[in-house]
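To start, the structure itself, in structure tokens.
The values are calculated or read from the model by the stated rules, or taken from the named source; none is laboratory data. Quantities reported herein were computed from a predicted structural model and do not represent experimental measurements. Heads up, the Cβs are rebuilt from the backbone with ideal geometry, glycines too, and the neighbour counts pull from every protein chain shown. SASA here: full protein model, heavy atoms, side chains in, ligands and nucleic acids out. Shrake-Rupley method; radii C 1.70, N 1.55, O 1.52, S 1.80 Å.
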Amino acid sequence: LYGGRVAYPEPQVHEAARRRLAQTGAGDAPPLNTTLAVVATDADLSRAQAQKLAGTAHDGIARAVRPVHLLHDGDTVFTLATGARPLDAHPTALNELLAAGADLVTRAIVRAVRAAESVDGPGGTWPSYGELYGWP
């Protein structure tokens, strides 16, 4: 998103990452990946418009997270609106904000995954995406 075509890792790199996860025990863990997001805007939104923005921005999670929307996930998007800027009165004025919300949630998740570092904890070592895939 915004960076051109997606460059997927070579199959052997992905397989090496899967083997590494299996060795650490992280690969045996059930997929319990909850993603929380907040979309904040200065637009003057009604409660219904804010709810619509949160729902549409939630689509950004589905673009970036696999697996998504499982039975035990708590994936949630909240919307905050300061009301400082009035929305155009045109019936479709909200559309641009809705599209941007989904795009920005996707972009924020990707940036967060790329910025994350590996973690050692009681459940074992959880390698970061960068460590598994050689991301700087």
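Annotations for the structure displayed:
- Single residue of THR41, THR82 found to be open to solvent by 80 Å² or more (accessible area, probe 1.4 Å), in contact (Cβ under 8 Å) with a residue 40 or more places away in the chain, of a type outside the set (Lys, Arg) and more than 19 Å from TRP126 (Cβ to Cβ): THR82
- On inspection, GLY74 does not qualify as over 26 Å from GLN12 (Cα atoms), at pLDDT 95 or above, within 14 Å of the chain's Cα centre (by Cα) and not aromatic (Phe, Trp, Tyr).
- Number of residues in segment 14-36 that are open to solvent by less than 50 Å² (accessible area, probe 1.4 Å), modelled with pLDDT of 80 or more and over 30 Å from HIS58 (Cβ atoms) equals 1.
- Matching entry among LEU71, LEU97 (being free of Cβ contacts under 8 Å to residues at least 60 places away in the same chain, among the hydrophobic types (A, V, I, L, M, F, W, C) and open to solvent by 100 Å² or more (accessible area, probe 1.4 Å)): LEU71
- If you go through segment 55-73 and keep only what is in contact with a strand residue (DSSP E or B) (Cβ under 8 Å, 6 or more places away or on another chain) and farther than 20 Å from ARG111 by Cα, you end up with just GLY55.
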